[in-house]
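First the structure, in the form of structure tokens, and then the observations on it.
Just so it is clear, none of the values below were taken in a lab; they were calculated from the coordinates. Owing to the predicted nature of the structure, the values given are computational and were not obtained by experimental measurement. Here the Cβ is made from the backbone with ideal geometry for all residues, glycine too, and neighbour counts use every protein chain on show.
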Amino acid sequence: MRRIVITGMGGICALGHDVPTIWKGMTEGRSGIGPISRIEPGQLRGGGIAAEIKDFDPTVHFDESRLALLDPISQYALVAAREAIAQSGLRFDGERAARTAVVVGVGVAGEETREGLYRKLYAEKVGRFHPLGIVRIMTNAPASQISMVHGITGPTFAVASACASSNHAISQAALMIRAGMVDAAVVGGAEACITLGLMRAWEAMRVLAPDTCRPFSSGRRGLVLGEGAGMLVLETLASAQARGAEILCELAGVGMSADAGDIAAPSDGGAAAAMGMALRDAGLAPEEIGYINAHGTGTVANDSTETRAIHQVFGTHARQLAISSTKPMHGHVLGGGGALELLAAIGTIRHGVVPPTLNYLGPDPACDLDYVPNEARETKVDAALSNSFAFGGLNAVVAIRRAP
Amino acid sequence: MSTVQQETFDIIAKQAKIELDTITPESTLKDLGIASLDAIEVIFDLEEHFDINLPNEDTDMENGTVGLLVEAIERQLAQKNAQG
């Protein structure tokens, strides 16, 4: 079987506009959550908080003609992809262009553009639509833009599974590389979901926290949305070694499952099935895992269910694991979440530091594991899991291991 | 039984497709077999019916009783009327 390694990573989220800044924020235990700047107070019922990207000027990153085509979701995807590709040193000339895939996880797509157009139509009764609405809104826009900007001509598409989209995208790309269809892939996920309409829809589900995101903690009251993108360059170990590229870590295995149960309530069985599959696929024993970047949304149901699932998969080793959720820092980035969280897991293996679970007040009897509360911890980790569990009962888990 | 309580019970019975006389003020939505999104839909129907907003802390799906829900609705209605 072809081994797959990660040779580039890129990211943008509330913690910063590149991976070094994001990682610094994660190890310092900085939270990007705050009052929403782009929605007027009073238009929301709840706390009106999110993890927004700050000080982002798209004109610094894109020329005018490109920018006209880009909803913020594609802007974020392109910024992260450029960083990841630059780090990898890959060039997509000659055969390489067709032997590279682009797979991007997206939860809800170009919402800012969509809401802007509909507000004109329904509220302002303006009849004329901007002609570039469709190409900004479409779910495949981020993947298409990455392929166009970088001249990548291999299999290119979007993957949608709500909050598990990134991890499903990474899995799909990994399987294409293993199958020999391509030798490299630019993969990840993106979301730009902090709009009035979507915020109101999330509020109506009664899962948004009014105060902040405090995963696995007593007194947790829900999730906090975030925005951004995470991107990775995957390639075969042989390709990376032949190029003399720096290998950040190995993408060891992937696991996917569906609960086939409730559309919203999580299932420990489904989550455990995906984690178990990722371990088997990676050829890793549960005892070899040192860190789990948890889905850890901060809802009462997710965090207790995920804890039960970890107990089921890891048995007595569950208590030896360092587990953290980085969502109190970058928010719940839906389709982009898994990729940003994989950056945390890669950082942990490379730098020997586990990012903490912020805002932890104290133990909940239903969450009885080591969640690395509030402060980063230095510890050597050789292999890690990154969990994503989506509404719709869709689960995807990625296993990584120290570079060979 | 107050009108608010009667109307609340009617809405719960209809949404959950259960007999009206199985509902008591001591029942939790969980006891009545109303979980997850079904419970959120019940709360939504109540908000629509009474034209009020019920904050999350008044809608504990796990342990909150129907009686507490009725009290929360009455509180919101009183607030609304006071605001005129």
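Suppose R0 equals 30 Å; then what is the FRET efficiency for residue B:7 and residue A:38 from their Cβ-Cβ distance, rounded to the nearest 0.05? Once rounded, the FRET efficiency stands at 0.15.
Of A:17, B:49, the sequence from fewest to most neighbouring Cβ atoms within 10 angstrom is B:49, A:17. Rounded to the nearest Hz, the phi-derived 3J(HN,Hα) couplings of region A:232-247 under the Karplus curve 6.51 cos²θ - 1.76 cosθ + 1.60 (θ = phi - 60°) are 9, 9, 9, 7, 5, 4, 4, 5, 5, 5, 5, 7, x, 6, 6, 9, where x marks glycine and proline.
Any number yet on Rg/Rh for region A:233-349, C-alpha, Kirkwood? Intermediate results must be reported in sequence, preceding the final value.
Numbers: Rg = 15.4 Å, Rh = 15.6 Å.
Ratio of gyration radius to Kirkwood radius for region A:233-349: 0.99.
The ranking of A:113, A:316, B:65 by Cβ neighbour count inside 10 Å, starting from the fewest, reads A:316, B:65, A:113. The alpha-carbon of residue B:17 sits under 20 angstrom from the alpha-carbons of these aspartates and glutamates, leaving out residues fewer than 8 places away in its chain: A:262, B:7, B:26, B:31, B:38, B:41, B:45, B:47, B:48, B:62.
Output the peptides B:53-64, A:158-169 sorted from most to least packed, where packing is the average of other Cβ atoms within 10 Å over each peptide's residues.
A:158-169, B:53-64
The local environment of residue A:178, defined by Cβ-Cβ distances under 15 Å, has a net charge of 0 under the rule Lys, Arg +1 and Asp, Glu -1.
By the rule of a C-alpha distance below 18 Å, with chain neighbours fewer than 8 residues away ignored, the lysines paired with residue B:14 are B:30. Restricted to Cα atoms, region A:4-243 shows a radius of gyration and a Dmax of 18.6, 59 angstrom.
Computed over neighbours whose Cβ is under 10 Å from that of residue B:15, the net charge equals -2, Lys and Arg +1, Asp and Glu -1.
Based on the mean of other beta carbon atoms within 10 Å per residue, what is the order of A:106-112, A:51-57, A:321-327, A:361-367, most packed first? Please list the in-between numbers first.
Details: A:106-112: 24.0, A:51-57: 16.3, A:321-327: 27.7, A:361-367: 13.9.
Top of the packing list down: A:321-327, A:106-112, A:51-57, A:361-367.
The C-alpha radius of gyration of chain B, expressed as a fraction of 2.2 N^0.38 Å, stands at 1.00. Would you list which lysines come within 21 Å of residue A:327, measuring only between C-alpha atoms, while excluding same-chain residues fewer than 8 positions from it? Straight-line reach from residue A:327, under 21 Å: A:24, A:54.
Counting only other chains, and only Cβ atoms inside 10 Å, what mean value do you get across the residues of A:259-266? Write down the numbers at each step before the final one.
Working: counts 0, 0, 1, 4, 2, 5, 3, 1.
If you average over the peptide's residues, the count of other-chain Cβ atoms is 2.
Remark on chain A: ratio of C-alpha radius of gyration to 2.2 N^0.38 Å is 0.92. Over all other residues within a Cβ to Cβ distance under 9 Å of residue A:319, the charged ones net out to -2, with Lys and Arg as +1 and Asp and Glu as -1.
Taking 0.36 nm per residue of separation and subtracting the Cα-Cα distance, full extension of the segment from residue A:129 to residue A:63 would add 21.5 nm. Separation of region A:232-288 from region A:125-147 is 32 Å, based on Cα centroids. The eigenvalues of the Cα gyration tensor, multiplied by 5 and square-rooted, give region A:161-211 an equivalent ellipsoid with semi-axes of 34, 10, 8 Å from largest to smallest.
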